[in-house]
1. Filter segment 115-148 down to the residues that are surrounded by 18 or more Cβ atoms within 10 Å (Cβ to Cβ) and polar (S, T, N, Q), then identify the one that is nearest to L3 (Cα to Cα).
2. Please work out if I231 is in the same structural domain as Q29 (by TED's automatic domain parsing), within 14 Å of T271 (Cα to Cα), part of a loop (DSSP other than H, G, I, E, B) and not basic (K, R).
3. Name every residue in segment 74-91 that is surrounded by fewer than 14 Cβ atoms within 10 Å (Cβ to Cβ) and of a type in the set (S, T, N, Q), in order of residue number.
4. I'd like to verify a number: residues in segment 259-268 that are in contact (Cβ under 8 Å) with a residue 40 or more places away in the chain and surrounded by fewer than 21 Cβ atoms within 10 Å (Cβ to Cβ), how many?
5. Regarding R79, is this residue closer than 18 Å to A132 by Cβ and among the charged types (D, E, K, R)?
6. Condition check: surrounded by fewer than 21 Cβ atoms within 10 Å (Cβ to Cβ) and either outside the structural domain of Q133 (by TED's automatic domain parsing) or free of Cβ contacts under 8 Å to residues at least 40 places away in the same chain (or both). Does I203 satisfy that?
7. Need a quick list: helices (runs of 4 or more DSSP H) entirely within segment 1-120 having at least 3 residues that are of a type in the set (F, W, Y).
8. Can you tell me which residue within segment 248-271, out of those that are part of a helix (DSSP H, G or I) and not β-branched (V, I, T), is nearest to Y41 (Cα to Cα)?
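The values are calculated or read from the model by the stated rules, or taken from the named source; none is laboratory data. Bear in mind that the values here come from a model prediction, so they are computed numbers and not experimental data. As a convention, Cβ positions derive from the backbone with ideal geometry for all residues, glycine included, and neighbour counts pool all protein chains shown.
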Amino acid sequence: MSLTSLLSKRDNSVREFFENKLPITKPFQDAWRKTFAVNIYPEHPVAWSLVGAAIDYRIRYFLINTPVESLVAARGATRISQMAPAWYNFSQGLTSFLAQVKPVGQTIDDATEQIFAKYCYCLAMYESLFRAQNPTSPLLNLPCGASVEEHLNLVPDEAVKDLLSLTKAAITSFTPHRDKNIIPNPSFKGSNDVGGADADIIIDNWLIDFKTVKEPSLKRDMLYQLVGYAILDYDDRYKISHAGFYLSRAPAFLQFEINQMIDTMSQGKETLFGLRFQFQQLF
């Protein structure tokens, strides 16, 4: 069971650890409410989770070129053995597309961006095969060895339009950070302790969780997940000094100094170093 799953359920030692050690969440929930505003909203209904995962991929490709085989989506393809031939064709097509477009740090013409949106949405569908306990996806209805075109044809037009709006805003938001040290999908020394945990991105020493949500409230498990990633960095590999969210529908960044976060959430009783040590004792 992943960190996300453990934090979403109350009857386990991981959730109890965070609730006992870091009970004060209101200041951060208040900061979320002050920052949050849905300014980018789809004209028609979309699959929110898939659009959210898709814009994550699009932002990463603006910041850094990530080999297709290292993506979480690739793990989804390997989890479902019947998808292997289709994934091979899709991944080869995506690799060629990326080599031609060279999206890192670049703005792209609208026609190409529409194709890119479809590729990212397909990656999101493959990722869902990995993350869901009982995966269901239009991908599972593809013929064995489906072509790239058959993949891209699965993407709804309304999702493409939504992603184009989110992408335009995200590129503006992340342009000042494109020349910094980028680590996409970082995993941590303690990730295996919770059945797997990989964050969205680290920019320099800033841990960022992408949120493409419409709810105006910050749920406790979302805040605990963010702090949890920093705690799982047992060996301080990433030297995380700040943590926060990118609210893609605002768009806006919400950033906190990690030691100050823990001091506030624990009422001065805990430190990052201490929480890392104590958390390891759960396993």
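1. S128
2. Values: in the same structural domain as Q29 (by TED's automatic domain parsing): yes; within 14 Å of T271 (Cα to Cα): yes; part of a loop (DSSP other than H, G, I, E, B): no; not basic (K, R): yes.
Criteria not met by I231.
3. S81, Q82
4. 3
5. Answer is yes for this residue.
6. yes
7. Working: elements: 3-8, 13-21, 26-35, 48-63, 72-79, 84-101.
Those helices (runs of 4 or more DSSP H) span 48-63, 84-101.
8. M261
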